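The values are calculated or read from the model by the stated rules, or taken from the named source; none is laboratory data. Keep in mind it's a predicted model, so treat the numbers as computed, not measured. Here the Cβ positions follow ideal geometry from the backbone for every residue, glycine too, while neighbour counts run over all protein chains shown.
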Amino acid sequence: KAGVTQTPRYLIKTRGQQVTLSCSPISGHRSVSWYQQTPGQGLQFLFEYFSETQRNKGNFPGRFSGRQFSNSRSEMNVSTLELGDSALYLCASSRGDTQYFGPGTRLTVL
Amino acid sequence: QKEVEQNSGPLSVPEGAIASLNCTYSDRVSQSFFWYRQYSGKSPELIMSIYSNGDKEDGRFTAQLNKASQYVSLLIRDSQPSDSATYLCAVNMRAGNNRKLIWGLGTSLAVNP
């Protein structure tokens, strides 16, 4: 069974731009969670989607948004990028409570 | 008090020794617990999950859960240099009407040849 895939793997943007990241979960998994990881900050929870509905949300500003499609694929969007948004963005899919991570998208904001 | 706490390390052990990683959590009614390994620049990968009090073994890894004391630990026997990584503890906790996976900050492990 194929694992979680994320695209793109690397992204360079400038301040003020917006970005969309994509995540395809493991087949059969209906829950997708998004995390931001920066050095020394650990995994910061962004949001979780289940059956196209946002089920949980972390403490991030409204510039961070997401959605899930009927095939369980998910996207997250960050608008008006700031330097501090540079991070590894991880997507995890789950069926039940065990999460499996994709390889991540490394976003650099210049 | 943080919801899931781990010693940040670094924990340094010689090759062949037992590495012991600990995690405490705040939600007394948590039911599921996970250990992940993360190599530098990579994404976390699941090592094992544990749901019941006691020990659970998988190869060189043993997870230990004590719900009364609210801690979960991971033992790595015969540690290898390839085990050098950050180990993340995650606990499934109540979040309003839902449950959410809460993460510790991780413990950095260095296995010295």
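Each residue in the stretch A:39-78 was checked for being surrounded by 13 or more Cβ atoms within 10 Å (Cβ to Cβ), within 14 Å of another protein chain (Cβ to nearest Cβ) and either touching a helix residue (DSSP H, G or I) at 6+ places or on another chain (Cβ under 8 Å) or among the small types (G, A, S) (or both), and 2 pass. Here B:E57, B:E5 are screened, and the one residue that is in a strand (DSSP E or B), surrounded by fewer than 18 Cβ atoms within 10 Å (Cβ to Cβ), under 15 Å from the mean Cα position of the chain (by Cα) and within 14 Å of chain A (Cβ to nearest Cβ) is B:E5. Cβ-Cβ distances below 7 Å connect the following pairs, each with a first residue in the stretch A:1-30 that is farther than 17 Å from A:E48 by Cα, a second residue that is of a type in the set (D, E), and a separation of six or more residues or different chains: A:R15/A:E82.
Could you tell me whether the stretch B:90-100 includes any residue that is at pLDDT below 95, within 25 Å of A:F45 (Cβ to Cβ) and among the small types (G, A, S)? Yes: one or more hits. Across the stretch B:72-108, the number of residues qualifying as assigned to a loop (DSSP other than H, G, I, E, B), within 14 Å of chain A (Cβ to nearest Cβ) and among the small types (G, A, S) comes to 3.
The selection criterion, being touching a His at 6+ places or on another chain (Cβ under 9 Å), surrounded by 15 or more Cβ atoms within 10 Å (Cβ to Cβ) and within 12 Å of chain B (Cβ to nearest Cβ), does not hold for A:S31.
The criterion of at least 3 residues that are of a type in the set (A, V, I, L, M) is met by the following strands (runs of 3 or more DSSP E) wholly inside chain A: A:87-94. Among the residues of the stretch A:79-98, which ones are among the aliphatic types (A, V, I, L, M) and either more than 10 Å from every other protein chain (Cβ to nearest Cβ) or free of Cβ contacts under 8 Å to residues at least 40 places away in the same chain (or both)? Matches in the stretch A:79-98: A:L81, A:L83, A:A87. In the stretch B:26-47, the residue that is nearest to the other protein chains (Cβ to nearest Cβ) out of those that are under 25 Å from B:A95 (Cβ atoms) and modelled with pLDDT under 95 is B:S32.
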